[in-house]
2 protein chains.
Amino acid sequence: MATSDNDSPPVYREIADTLREEIRSGRLSDGARVPGENDLMKQYGVARATARQALSVLINEGIVVAIRGSGIYVRAFRPLRRHGPRRLSRALWGSGRAVWQADAPDGDFETDSIEVGEVPAPGYVAKALGLAEDTLVVRRHRRYRLGGRPMQLATSYLPAKLAAGTAIAEADTGPGGIYARLAELGRAPAHFTEEIRVRMPTPDEARELRLSPGTPVMDVLRTALTAEHEAVEFNEMTLDGSAYVLQYDFDA
Amino acid sequence: MATSDNDSPPVYREIADTLREEIRSGRLSDGARVPGENDLMKQYGVARATARQALSVLINEGIVVAIRGSGIYVRAFRPLRRHGPRRLSRALWGSGRAVWQADAPDGDFETDSIEVGEVPAPGYVAKALGLAEDTLVVRRHRRYRLGGRPMQLATSYLPAKLAAGTAIAEADTGPGGIYARLAELGRAPAHFTEEIRVRMPTPDEARELRLSPGTPVMDVLRTALTAEHEAVEFNEMTLDGSAYVLQYDFDA
DNA sequence: TAGTGGTCTAGACCACGGT
DNA sequence: CCGTGGTCTAGACCACTAT
(Lines give C-alpha, C1' and ligand atoms only; values in the text may rest on other atoms or scores of the structure.)
Protein backbone atom coordinates (compact mmCIF):
# COMPACT_ATOMS: atom_id res chain seq x y z
CA MET A 1 0.00 0.00 0.00
CA ALA A 2 1.59 3.21 -1.11
CA THR A 3 -1.12 5.22 0.55
CA SER A 4 -3.95 4.70 2.98
CA ASP A 5 -7.61 4.05 2.25
CA ASN A 6 -9.71 6.62 0.50
CA ASP A 7 -10.47 9.71 2.54
CA SER A 8 -8.98 8.34 5.74
CA PRO A 9 -6.22 10.35 7.40
CA PRO A 10 -2.68 9.39 6.49
CA VAL A 11 -1.13 6.72 8.67
CA TYR A 12 1.40 9.04 10.26
CA ARG A 13 -1.41 11.38 11.35
CA GLU A 14 -3.35 8.55 12.94
CA ILE A 15 -0.29 7.46 14.86
CA ALA A 16 0.36 11.04 15.94
CA ASP A 17 -3.27 11.47 16.97
CA THR A 18 -3.16 8.32 19.06
CA LEU A 19 -0.01 9.40 20.84
CA ARG A 20 -1.34 12.92 21.36
CA GLU A 21 -4.45 11.54 22.98
CA GLU A 22 -2.34 9.36 25.26
CA ILE A 23 -0.57 12.50 26.40
CA ARG A 24 -3.60 14.76 26.63
CA SER A 25 -5.48 12.21 28.71
CA GLY A 26 -2.57 11.91 31.10
CA ARG A 27 -1.90 8.25 30.41
CA LEU A 28 1.51 9.52 29.40
CA SER A 29 2.41 12.22 31.88
CA ASP A 30 5.05 14.95 31.97
CA GLY A 31 8.48 13.55 31.37
CA ALA A 32 7.21 10.07 30.55
CA ARG A 33 8.82 8.13 27.77
CA VAL A 34 6.86 7.99 24.51
CA PRO A 35 7.13 5.01 22.14
CA GLY A 36 10.12 5.64 19.86
CA GLU A 37 10.75 5.01 16.20
CA ASN A 38 11.44 1.32 16.57
CA ASP A 39 8.43 0.81 18.82
CA LEU A 40 6.12 2.47 16.31
CA MET A 41 7.54 0.46 13.41
CA LYS A 42 6.72 -2.75 15.27
CA GLN A 43 3.37 -1.69 16.73
CA TYR A 44 1.97 -0.27 13.50
CA GLY A 45 3.99 -2.20 10.94
CA VAL A 46 5.18 0.95 9.19
CA ALA A 47 8.47 2.00 7.70
CA ARG A 48 11.01 4.03 9.58
CA ALA A 49 10.18 7.26 7.76
CA THR A 50 6.51 6.96 8.62
CA ALA A 51 7.18 6.45 12.30
CA ARG A 52 9.53 9.42 12.21
CA GLN A 53 6.96 11.55 10.46
CA ALA A 54 4.42 10.79 13.15
CA LEU A 55 6.86 11.77 15.86
CA SER A 56 7.89 14.90 13.98
CA VAL A 57 4.30 16.10 14.12
CA LEU A 58 4.32 15.96 17.90
CA ILE A 59 7.77 17.48 18.08
CA ASN A 60 6.65 20.41 15.94
CA GLU A 61 3.62 20.86 18.16
CA GLY A 62 6.00 21.20 21.05
CA ILE A 63 4.37 18.46 23.12
CA VAL A 64 7.27 16.02 23.08
CA VAL A 65 11.04 16.36 22.89
CA ALA A 66 13.50 14.00 21.25
CA ILE A 67 16.70 13.20 23.09
CA ARG A 68 19.30 11.68 20.85
CA GLY A 69 20.42 8.24 21.85
CA SER A 70 17.82 8.09 24.54
CA GLY A 71 14.23 8.45 23.44
CA ILE A 72 11.17 10.67 23.09
CA TYR A 73 9.66 12.28 26.17
CA VAL A 74 6.52 14.20 27.10
CA ARG A 75 7.26 17.84 27.60
CA ALA A 76 6.10 19.88 30.61
CA PHE A 77 4.84 23.47 30.61
CA ARG A 78 5.61 25.45 33.77
CA PRO A 79 5.64 29.08 32.83
CA LEU A 80 6.70 32.16 34.72
CA ARG A 81 4.08 34.83 35.22
CA ARG A 82 5.09 38.23 33.91
CA HIS A 83 2.73 40.83 35.26
CA GLY A 84 2.75 43.82 32.88
CA PRO A 85 1.56 46.77 34.93
CA ARG A 86 2.70 45.64 38.36
CA ARG A 87 6.28 44.95 37.40
CA LEU A 88 6.61 48.41 35.94
CA SER A 89 5.12 50.26 38.90
CA ARG A 90 7.13 53.22 40.01
CA ALA A 91 7.41 51.79 43.50
CA LEU A 92 9.48 48.94 42.17
CA TRP A 93 12.27 50.63 40.30
CA GLY A 94 12.01 53.60 42.64
CA SER A 95 13.19 51.23 45.36
CA GLY A 96 16.41 50.26 43.65
CA ARG A 97 15.19 46.97 42.27
CA ALA A 98 15.50 46.49 38.54
CA VAL A 99 12.30 45.88 36.61
CA TRP A 100 13.17 42.43 35.42
CA GLN A 101 13.84 41.21 38.92
CA ALA A 102 10.11 41.39 39.52
CA ASP A 103 9.55 38.33 37.37
CA ALA A 104 11.78 36.02 39.31
CA PRO A 105 9.98 33.99 41.93
CA ASP A 106 13.10 33.72 44.05
CA GLY A 107 15.29 36.42 42.67
CA ASP A 108 17.82 34.24 40.87
CA PHE A 109 17.39 36.01 37.56
CA GLU A 110 20.68 36.86 35.88
CA THR A 111 21.64 38.83 32.81
CA ASP A 112 24.46 37.96 30.49
CA SER A 113 25.97 38.74 27.10
CA ILE A 114 25.36 42.44 27.57
CA GLU A 115 26.24 44.66 24.63
CA VAL A 116 26.03 48.43 24.91
CA GLY A 117 26.72 50.91 22.15
CA GLU A 118 25.54 53.86 20.10
CA VAL A 119 23.93 53.19 16.74
CA PRO A 120 21.78 55.02 14.19
CA ALA A 121 18.13 54.24 14.92
CA PRO A 122 16.55 51.68 12.56
CA GLY A 123 13.29 52.84 11.01
CA TYR A 124 10.83 51.18 13.39
CA VAL A 125 12.86 52.26 16.42
CA ALA A 126 13.00 55.86 15.24
CA LYS A 127 9.27 55.76 14.70
CA ALA A 128 8.57 54.41 18.17
CA LEU A 129 10.78 57.05 19.76
CA GLY A 130 9.48 59.87 17.60
CA LEU A 131 12.90 60.55 16.10
CA ALA A 132 14.11 61.02 12.56
CA GLU A 133 15.53 57.83 11.05
CA ASP A 134 19.22 57.25 11.76
CA THR A 135 19.25 59.60 14.75
CA LEU A 136 21.81 58.27 17.20
CA VAL A 137 20.43 56.04 19.96
CA VAL A 138 22.00 54.12 22.82
CA ARG A 139 21.41 50.41 22.25
CA ARG A 140 21.48 47.91 25.10
CA HIS A 141 21.24 44.24 24.24
CA ARG A 142 21.19 41.49 26.83
CA ARG A 143 19.97 38.01 27.60
CA TYR A 144 18.13 37.01 30.76
CA ARG A 145 18.46 33.66 32.44
CA LEU A 146 16.69 32.05 35.32
CA GLY A 147 18.53 29.28 37.09
CA GLY A 148 20.86 29.00 34.12
CA ARG A 149 18.03 28.66 31.64
CA PRO A 150 17.87 31.41 28.98
CA MET A 151 14.43 32.99 29.14
CA GLN A 152 14.47 36.08 26.99
CA LEU A 153 16.50 38.39 24.77
CA ALA A 154 16.03 42.12 25.06
CA THR A 155 17.28 45.12 23.14
CA SER A 156 16.43 48.60 24.32
CA TYR A 157 16.98 51.87 22.57
CA LEU A 158 17.12 55.32 24.15
CA PRO A 159 17.79 58.65 22.45
CA ALA A 160 21.54 59.27 22.61
CA LYS A 161 20.81 62.92 23.30
CA LEU A 162 19.36 61.76 26.60
CA ALA A 163 21.39 58.72 27.56
CA ALA A 164 24.87 59.15 26.13
CA GLY A 165 27.49 59.72 28.80
CA THR A 166 25.19 58.58 31.62
CA ALA A 167 25.11 55.29 33.48
CA ILE A 168 22.49 54.19 30.95
CA ALA A 169 25.28 53.79 28.43
CA GLU A 170 27.29 51.60 30.83
CA ALA A 171 27.00 47.84 31.20
CA ASP A 172 25.99 48.30 34.83
CA THR A 173 23.28 50.91 35.11
CA GLY A 174 23.24 50.94 38.91
CA PRO A 175 20.41 50.46 41.42
CA GLY A 176 16.92 50.62 39.95
CA GLY A 177 18.25 50.24 36.40
CA ILE A 178 17.70 52.58 33.50
CA TYR A 179 14.29 53.72 34.70
CA ALA A 180 15.77 55.06 37.93
CA ARG A 181 18.45 56.82 35.85
CA LEU A 182 15.82 58.33 33.59
CA ALA A 183 13.99 59.59 36.65
CA GLU A 184 17.17 61.30 37.84
CA LEU A 185 17.37 62.99 34.47
CA GLY A 186 13.87 64.33 34.99
CA ARG A 187 12.45 61.90 32.46
CA ALA A 188 10.79 59.30 34.66
CA PRO A 189 8.66 56.86 32.63
CA ALA A 190 5.00 57.43 33.41
CA HIS A 191 3.17 55.60 30.62
CA PHE A 192 3.92 52.36 28.86
CA THR A 193 2.55 50.69 25.79
CA GLU A 194 3.31 47.06 25.09
CA GLU A 195 2.69 45.28 21.84
CA ILE A 196 2.71 41.47 21.64
CA ARG A 197 3.18 39.18 18.67
CA VAL A 198 3.78 35.44 18.35
CA ARG A 199 5.88 33.65 15.82
CA MET A 200 8.25 30.75 15.41
CA PRO A 201 11.84 31.63 16.30
CA THR A 202 14.68 32.09 13.87
CA PRO A 203 17.40 29.43 14.17
CA ASP A 204 19.63 32.00 15.90
CA GLU A 205 16.99 32.70 18.51
CA ALA A 206 16.32 29.02 18.97
CA ARG A 207 19.99 28.54 19.73
CA GLU A 208 20.34 31.55 22.03
CA LEU A 209 17.23 30.65 23.99
CA ARG A 210 17.89 26.91 23.78
CA LEU A 211 14.40 26.35 22.45
CA SER A 212 13.32 22.87 21.57
CA PRO A 213 11.58 22.45 18.22
CA GLY A 214 7.93 23.44 18.23
CA THR A 215 8.40 26.28 20.69
CA PRO A 216 7.04 29.65 19.58
CA VAL A 217 8.40 32.95 20.90
CA MET A 218 6.58 36.11 21.96
CA ASP A 219 7.83 39.47 20.82
CA VAL A 220 7.05 42.18 23.34
CA LEU A 221 7.67 45.70 22.08
CA ARG A 222 7.48 48.29 24.82
CA THR A 223 7.60 52.04 24.54
CA ALA A 224 8.12 54.08 27.72
CA LEU A 225 6.76 57.63 27.80
CA THR A 226 7.22 60.44 30.31
CA ALA A 227 4.27 62.20 31.93
CA GLU A 228 4.58 64.72 29.08
CA HIS A 229 4.28 61.86 26.59
CA GLU A 230 7.82 62.04 25.39
CA ALA A 231 9.09 58.61 24.30
CA VAL A 232 12.25 57.83 26.27
CA GLU A 233 12.78 54.14 25.68
CA PHE A 234 11.86 51.49 23.16
CA ASN A 235 12.44 47.92 24.30
CA GLU A 236 12.23 44.93 21.98
CA MET A 237 12.01 41.63 23.85
CA THR A 238 11.87 38.06 22.59
CA LEU A 239 10.53 35.62 25.16
CA ASP A 240 10.63 31.85 25.21
CA GLY A 241 6.96 31.07 24.67
CA SER A 242 7.14 27.96 26.80
CA ALA A 243 8.52 29.92 29.72
CA TYR A 244 6.12 32.80 30.12
CA VAL A 245 2.55 33.75 30.80
CA LEU A 246 1.87 37.46 30.42
CA GLN A 247 -0.68 39.21 32.57
CA TYR A 248 -2.31 42.61 32.16
CA ASP A 249 -4.86 44.23 34.44
CA PHE A 250 -6.93 47.25 33.47
CA ASP A 251 -10.23 48.99 34.07
CA ALA A 252 -13.30 49.43 31.91
CA MET B 1 27.68 10.12 1.11
CA ALA B 2 25.25 9.01 3.73
CA THR B 3 25.95 12.08 5.79
CA SER B 4 27.66 15.43 5.40
CA ASP B 5 31.21 16.38 6.34
CA ASN B 6 32.34 16.39 9.91
CA ASP B 7 30.79 19.10 12.06
CA SER B 8 29.13 20.87 9.16
CA PRO B 9 25.37 21.35 9.31
CA PRO B 10 23.24 18.71 7.62
CA VAL B 11 22.50 19.32 3.97
CA TYR B 12 18.81 19.98 4.51
CA ARG B 13 19.65 22.69 7.05
CA GLU B 14 22.02 24.39 4.67
CA ILE B 15 19.39 24.40 1.97
CA ALA B 16 16.81 25.74 4.42
CA ASP B 17 19.23 28.42 5.63
CA THR B 18 19.92 29.53 2.09
CA LEU B 19 16.25 29.82 1.25
CA ARG B 20 15.49 31.58 4.54
CA GLU B 21 18.14 34.16 3.80
CA GLU B 22 16.69 34.70 0.33
CA ILE B 23 13.38 35.47 1.98
CA ARG B 24 14.72 37.54 4.87
CA SER B 25 16.75 39.70 2.54
CA GLY B 26 13.71 40.36 0.38
CA ARG B 27 15.13 38.71 -2.73
CA LEU B 28 12.08 36.50 -2.42
CA SER B 29 9.23 38.75 -1.32
CA ASP B 30 5.75 38.12 0.06
CA GLY B 31 3.82 35.72 -2.09
CA ALA B 32 6.80 34.92 -4.31
CA ARG B 33 7.33 31.40 -5.45
CA VAL B 34 10.09 29.48 -3.67
CA PRO B 35 12.05 26.70 -5.41
CA GLY B 36 10.08 23.48 -5.02
CA GLU B 37 11.08 19.90 -4.37
CA ASN B 38 12.11 19.15 -7.92
CA ASP B 39 14.07 22.40 -8.20
CA LEU B 40 16.01 21.66 -5.04
CA MET B 41 16.77 18.10 -6.13
CA LYS B 42 18.33 19.43 -9.32
CA GLN B 43 20.07 22.46 -7.83
CA TYR B 44 21.63 20.64 -4.92
CA GLY B 45 21.76 17.11 -6.29
CA VAL B 46 19.89 15.66 -3.32
CA ALA B 47 17.18 13.04 -2.95
CA ARG B 48 13.54 13.88 -2.77
CA ALA B 49 13.31 13.36 0.98
CA THR B 50 16.17 15.74 1.63
CA ALA B 51 14.62 18.51 -0.45
CA ARG B 52 11.33 17.91 1.35
CA GLN B 53 13.02 18.05 4.73
CA ALA B 54 14.56 21.40 3.89
CA LEU B 55 11.19 22.79 2.87
CA SER B 56 9.51 21.31 5.93
CA VAL B 57 11.83 23.36 8.12
CA LEU B 58 10.60 26.58 6.55
CA ILE B 59 7.00 25.41 6.62
CA ASN B 60 7.25 24.68 10.32
CA GLU B 61 8.77 28.10 10.88
CA GLY B 62 5.69 29.54 9.26
CA ILE B 63 7.62 31.55 6.68
CA VAL B 64 6.42 29.66 3.60
CA VAL B 65 3.26 27.79 2.70
CA ALA B 66 2.93 24.75 0.46
CA ILE B 67 0.08 24.68 -2.02
CA ARG B 68 -0.59 21.24 -3.37
CA GLY B 69 -0.28 20.92 -7.09
CA SER B 70 1.07 24.42 -7.34
CA GLY B 71 4.21 25.20 -5.38
CA ILE B 72 5.77 26.77 -2.31
CA TYR B 73 5.23 30.45 -1.59
CA VAL B 74 6.55 33.11 0.77
CA ARG B 75 4.04 33.93 3.43
CA ALA B 76 2.95 37.44 4.43
CA PHE B 77 2.21 38.75 7.94
CA ARG B 78 -0.43 41.49 8.15
CA PRO B 79 -1.91 41.34 11.60
CA LEU B 80 -4.89 43.05 13.18
CA ARG B 81 -4.23 45.23 16.20
CA ARG B 82 -6.23 44.22 19.26
CA HIS B 83 -6.05 46.98 21.80
CA GLY B 84 -6.65 45.51 25.25
CA PRO B 85 -7.84 48.39 27.41
CA ARG B 86 -9.41 50.59 24.74
CA ARG B 87 -11.65 47.92 23.27
CA LEU B 88 -13.09 47.15 26.69
CA SER B 89 -13.80 50.74 27.66
CA ARG B 90 -17.24 51.26 29.09
CA ALA B 91 -18.00 53.86 26.44
CA LEU B 92 -17.84 51.20 23.80
CA TRP B 93 -20.23 48.56 24.99
CA GLY B 94 -22.26 51.25 26.76
CA SER B 95 -23.03 52.57 23.29
CA GLY B 96 -24.57 49.38 21.97
CA ARG B 97 -21.52 48.18 20.09
CA ALA B 98 -20.24 44.73 20.97
CA VAL B 99 -16.71 44.52 22.30
CA TRP B 100 -15.33 42.40 19.50
CA GLN B 101 -16.50 44.88 16.89
CA ALA B 102 -13.77 47.23 18.12
CA ASP B 103 -11.09 45.11 16.51
CA ALA B 104 -12.44 45.28 13.02
CA PRO B 105 -10.94 48.01 10.91
CA ASP B 106 -14.10 48.35 8.84
CA GLY B 107 -16.64 46.55 10.93
CA ASP B 108 -17.03 43.44 8.83
CA PHE B 109 -16.37 41.10 11.73
CA GLU B 110 -18.85 38.23 11.94
CA THR B 111 -19.50 35.51 14.48
CA ASP B 112 -20.55 31.99 13.61
CA SER B 113 -20.95 28.50 15.02
CA ILE B 114 -22.39 29.89 18.23
CA GLU B 115 -23.16 27.35 20.94
CA VAL B 116 -24.87 28.37 24.14
CA GLY B 117 -25.67 26.15 27.07
CA GLU B 118 -25.43 25.48 30.78
CA VAL B 119 -22.64 23.26 32.05
CA PRO B 120 -20.90 22.44 35.34
CA ALA B 121 -17.85 24.68 35.66
CA PRO B 122 -14.54 22.95 34.91
CA GLY B 123 -11.92 23.40 37.61
CA TYR B 124 -9.98 26.30 36.14
CA VAL B 125 -13.19 28.14 35.22
CA ALA B 126 -14.61 27.73 38.70
CA LYS B 127 -11.38 29.03 40.12
CA ALA B 128 -11.37 32.11 37.89
CA LEU B 129 -14.98 32.88 38.78
CA GLY B 130 -14.52 32.18 42.47
CA LEU B 131 -17.09 29.37 42.43
CA ALA B 132 -17.05 25.84 43.75
CA GLU B 133 -16.13 23.28 41.11
CA ASP B 134 -19.07 22.01 39.05
CA THR B 135 -21.27 24.99 39.94
CA LEU B 136 -23.55 25.61 36.95
CA VAL B 137 -22.33 28.22 34.48
CA VAL B 138 -23.64 29.56 31.20
CA ARG B 139 -21.21 28.67 28.47
CA ARG B 140 -21.05 30.61 25.21
CA HIS B 141 -18.78 29.33 22.46
CA ARG B 142 -18.34 31.09 19.15
CA ARG B 143 -15.97 31.69 16.29
CA TYR B 144 -15.09 35.10 14.89
CA ARG B 145 -14.34 35.76 11.26
CA LEU B 146 -13.15 38.79 9.40
CA GLY B 147 -13.92 38.89 5.72
CA GLY B 148 -14.63 35.18 5.79
CA ARG B 149 -11.32 34.34 7.43
CA PRO B 150 -11.58 32.65 10.85
CA MET B 151 -9.61 34.75 13.34
CA GLN B 152 -10.37 33.44 16.79
CA LEU B 153 -12.33 31.00 18.90
CA ALA B 154 -13.86 32.15 22.16
CA THR B 155 -15.62 30.47 25.02
CA SER B 156 -17.03 32.52 27.85
CA TYR B 157 -18.44 31.34 31.13
CA LEU B 158 -20.78 33.26 33.43
CA PRO B 159 -22.31 32.11 36.70
CA ALA B 160 -25.69 30.55 35.86
CA LYS B 161 -27.10 32.16 38.98
CA LEU B 162 -26.52 35.47 37.25
CA ALA B 163 -27.03 34.78 33.59
CA ALA B 164 -29.55 31.94 33.28
CA GLY B 165 -32.86 33.07 31.85
CA THR B 166 -31.44 36.38 30.60
CA ALA B 167 -30.45 37.40 27.08
CA ILE B 168 -26.94 36.30 28.02
CA ALA B 169 -28.11 32.72 27.67
CA GLU B 170 -29.51 33.39 24.19
CA ALA B 171 -27.61 33.16 20.92
CA ASP B 172 -28.28 36.84 20.29
CA THR B 173 -27.45 38.88 23.36
CA GLY B 174 -28.75 42.16 21.96
CA PRO B 175 -27.13 45.58 21.58
CA GLY B 176 -23.88 46.03 23.48
CA GLY B 177 -23.51 42.30 24.04
CA ILE B 178 -23.20 40.49 27.34
CA TYR B 179 -21.42 43.38 29.04
CA ALA B 180 -24.38 45.68 28.45
CA ARG B 181 -26.66 42.93 29.83
CA LEU B 182 -24.47 42.53 32.89
CA ALA B 183 -24.67 46.29 33.45
CA GLU B 184 -28.47 46.08 33.35
CA LEU B 185 -28.25 43.40 36.01
CA GLY B 186 -26.25 45.78 38.19
CA ARG B 187 -23.06 43.84 37.54
CA ALA B 188 -21.24 46.05 35.06
CA PRO B 189 -17.66 44.90 34.48
CA ALA B 190 -15.25 47.44 35.93
CA HIS B 191 -11.92 45.59 36.06
CA PHE B 192 -10.35 43.12 33.71
CA THR B 193 -7.38 40.86 33.91
CA GLU B 194 -6.00 39.21 30.80
CA GLU B 195 -3.50 36.38 30.74
CA ILE B 196 -1.64 35.49 27.55
CA ARG B 197 0.07 32.25 26.61
CA VAL B 198 1.41 31.05 23.30
CA ARG B 199 1.65 27.55 21.91
CA MET B 200 1.22 25.50 18.78
CA PRO B 201 -2.41 24.71 17.98
CA THR B 202 -4.08 21.35 18.32
CA PRO B 203 -5.12 19.79 15.00
CA ASP B 204 -8.74 20.70 15.78
CA GLU B 205 -7.85 24.33 16.27
CA ALA B 206 -5.71 24.35 13.17
CA ARG B 207 -8.71 23.14 11.21
CA GLU B 208 -11.23 25.51 12.78
CA LEU B 209 -8.98 28.52 12.32
CA ARG B 210 -7.65 27.31 8.97
CA LEU B 211 -4.11 27.74 10.19
CA SER B 212 -1.28 26.84 7.92
CA PRO B 213 1.46 24.70 9.43
CA GLY B 214 3.94 26.64 11.52
CA THR B 215 1.38 29.09 12.84
CA PRO B 216 1.28 29.44 16.63
CA VAL B 217 -1.81 30.57 18.52
CA MET B 218 -2.25 32.91 21.46
CA ASP B 219 -4.50 31.98 24.34
CA VAL B 220 -6.05 35.02 25.97
CA LEU B 221 -7.80 34.28 29.26
CA ARG B 222 -9.85 37.21 30.50
CA THR B 223 -11.65 37.60 33.79
CA ALA B 224 -14.17 40.44 34.14
CA LEU B 225 -14.80 41.82 37.61
CA THR B 226 -17.39 44.26 38.92
CA ALA B 227 -16.44 47.40 40.84
CA GLU B 228 -16.91 45.28 43.97
CA HIS B 229 -14.42 42.76 42.56
CA GLU B 230 -16.94 40.04 41.95
CA ALA B 231 -15.94 37.87 38.98
CA VAL B 232 -18.79 37.89 36.48
CA GLU B 233 -17.24 36.45 33.35
CA PHE B 234 -14.35 34.25 32.33
CA ASN B 235 -13.49 34.29 28.65
CA GLU B 236 -11.07 31.86 27.06
CA MET B 237 -9.96 32.95 23.59
CA THR B 238 -7.70 31.29 21.06
CA LEU B 239 -6.33 33.68 18.45
CA ASP B 240 -4.65 32.97 15.15
CA GLY B 241 -1.12 34.11 15.91
CA SER B 242 -0.54 35.26 12.36
CA ALA B 243 -3.60 37.47 12.48
CA TYR B 244 -3.17 39.50 15.65
CA VAL B 245 -0.96 41.95 17.46
CA LEU B 246 -2.06 42.62 21.02
CA GLN B 247 -1.59 46.03 22.59
CA TYR B 248 -1.77 47.09 26.22
CA ASP B 249 -1.29 50.59 27.62
CA PHE B 250 -0.74 51.29 31.29
CA ASP B 251 0.87 53.72 33.71
CA ALA B 252 3.87 53.42 35.97
C1' DT C 1 27.92 -2.94 22.78
C1' DA C 2 23.14 -2.39 21.93
C1' DG C 3 19.64 0.81 21.22
C1' DT C 4 18.18 5.43 20.19
C1' DG C 5 17.32 9.29 17.28
C1' DG C 6 19.43 12.02 12.93
C1' DT C 7 20.44 12.14 8.13
C1' DC C 8 20.17 10.44 3.49
C1' DT C 9 19.24 7.67 -0.89
C1' DA C 10 16.25 5.70 -4.53
C1' DG C 11 12.55 4.40 -5.63
C1' DA C 12 6.87 4.31 -5.80
C1' DC C 13 1.90 5.79 -6.09
C1' DC C 14 -1.45 9.34 -5.03
C1' DA C 15 -4.34 13.83 -5.14
C1' DC C 16 -4.55 18.15 -6.71
C1' DG C 17 -3.86 22.54 -9.71
C1' DG C 18 -3.31 24.87 -13.77
C1' DT C 19 -2.67 24.47 -18.77
C1' DC D 1 -2.33 16.36 -19.37
C1' DC D 2 1.93 17.26 -16.73
C1' DG D 3 4.01 19.18 -12.77
C1' DT D 4 3.29 20.01 -8.01
C1' DG D 5 3.33 18.65 -3.28
C1' DG D 6 1.80 14.46 0.01
C1' DT D 7 2.50 9.87 1.57
C1' DC D 8 5.05 5.64 2.00
C1' DT D 9 8.57 1.74 1.61
C1' DA D 10 13.17 -0.42 2.34
C1' DG D 11 17.12 0.07 2.86
C1' DA D 12 21.93 2.56 4.74
C1' DC D 13 25.38 4.94 7.79
C1' DC D 14 26.14 8.10 11.55
C1' DA D 15 26.35 10.20 16.44
C1' DC D 16 24.99 9.81 20.73
C1' DT D 17 23.33 7.53 25.41
C1' DA D 18 23.00 4.09 28.49
C1' DT D 19 24.55 -0.23 30.27
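The values are calculated or read from the model by the stated rules, or taken from the named source; none is laboratory data. Please read these numbers as outputs of a predicted model, since none were measured by experiment. Here Cβ is always computed from backbone atoms with ideal geometry, including for glycine, and neighbour counts include all displayed protein chains. For accessibility, only protein heavy atoms count, side chains too; no ligands or nucleic acids. Shrake-Rupley method; radii C 1.70, N 1.55, O 1.52, S 1.80 Å.
Data table
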{"item": "Number of partner chain Cβ atoms within 10 Å, mean per residue of A:189-197", "result": "6"}
{"item": "Shape box of region A:150-252 [Cα atoms, principal axes, largest first, Å]", "result": "45, 40, 21"}
{"item": "Neighbouring partner chain Cβ atoms per residue of B:238-249, average, 10 Å criterion", "result": "5"}
{"item": "Whole-percent carbon and sulfur share, accessible surface of the protein assembly as shown, 1.4 Å", "result": "49"}
{"item": "Nonlocal amide H pairs with A:Tyr244, under 5 Å, H built at 1.01 Å", "result": "A:Leu80"}
{"item": "Inter-site label distance for B:Arg210 and A:Asp204 at 7 Å from Cα along Cβ, in nm", "result": "3.5"}
{"item": "Accessible area buried between chains A and B, both sides summed, probe 1.4 Å, in Å² to nearest 100", "result": "3300"}
{"item": "A:Glu228 accessible area, 1.4 Å probe, all protein chains in place, Å² to nearest 10", "result": "140"}
{"item": "Separation between Cα centres of region A:150-191 and region B:179-252, rounded to whole Å", "result": "32"}
{"item": "Convex hull of the protein assembly as shown built on C-alpha atoms - directionally averaged projected area, nm²", "result": "27.3"}
{"item": "Net charge dipole size for chain B [Lys, Arg +1 and Asp, Glu -1 on Cβ; Debye, nearest 20]", "result": "520"}
{"item": "Set of lysines with alpha-carbon distance to B:Lys161 below 18 Å, sequence-local pairs under 8 removed", "result": "B:Lys127"}
{"item": "Pairwise centroid distance, computed over Cα atoms, of region A:1-71 with region A:82-96, Å", "result": "45"}
{"item": "Rounded FRET efficiency, nearest 0.05, which uses the C-beta distance separating A:Phe77 from B:Ala171 and R0 of 35 Å", "result": "0.55"}
{"item": "Accessible area of B:Phe109 in the full protein assembly, 1.4 Å probe (Å², nearest 10)", "result": "20"}
{"item": "Note, ³J(HN,Hα) from phi for region A:49-63, Karplus 6.51, -1.76, 1.60, rounded to Hz, x at Gly and Pro", "result": "4, 6, 4, 4, 4, 4, 5, 5, 4, 5, 5, 6, 7, x, 9"}
{"item": "Per residue solvent-accessible surface (Å²) - region A:80-247, probe of 1.4 Å", "result": "40"}
{"item": "Shielding of A:209-219 by partner chains, average beta-carbon count, 10 Å", "result": "3"}
{"item": "Cβ-vector label at 7 Å, B:Asp30, separations to other copies in nm", "result": "4.0"}
{"item": "Alpha carbon convex hull of region B:11-74, projected area averaged over orientations, nm²", "result": "3.8"}
{"item": "Karplus 3J(HN,Hα) series, Hz, for region A:155-171 with 6.51 cos²θ - 1.76 cosθ + 1.60 (x for Gly, Pro)", "result": "10, 10, 10, 10, x, 5, 3, 8, 9, 4, x, 9, 5, 4, 8, 9, 5"}
{"item": "Average Cα contact separation per residue, region B:109-212, under 8 Å, 6 or more apart, as relative contact order %", "result": "21"}
{"item": "At 1.002 mPa s and 20 °C, Stokes D of chain B from Kirkwood alpha-carbon radius, µm² per second", "result": "103"}
{"item": "Expected 222 nm ellipticity per residue - DSSP helices of 4 or more, -39500 (n - 2.57), all of the protein assembly as shown, to 500", "result": "-7000 deg cm²/dmol"}
{"item": "Under 5 Å, built H, 5+ apart or other chain: amide partners of B:Phe109", "result": "none"}
{"item": "Listed peptides A:29-41, A:150-162, B:66-78 by packing density, highest first (mean Cβ within 10 Å)", "result": "A:150-162, A:29-41, B:66-78"}
{"item": "7 Å along Cα→Cβ, label-point gaps from A:Lys161 to other copies, nm, shortest first", "result": "5.8"}
{"item": "Modelled FRET efficiency - R0 22 Å, B:Gln43 with B:Arg68, Cβ distances, 0.05 increments", "result": "0.50"}
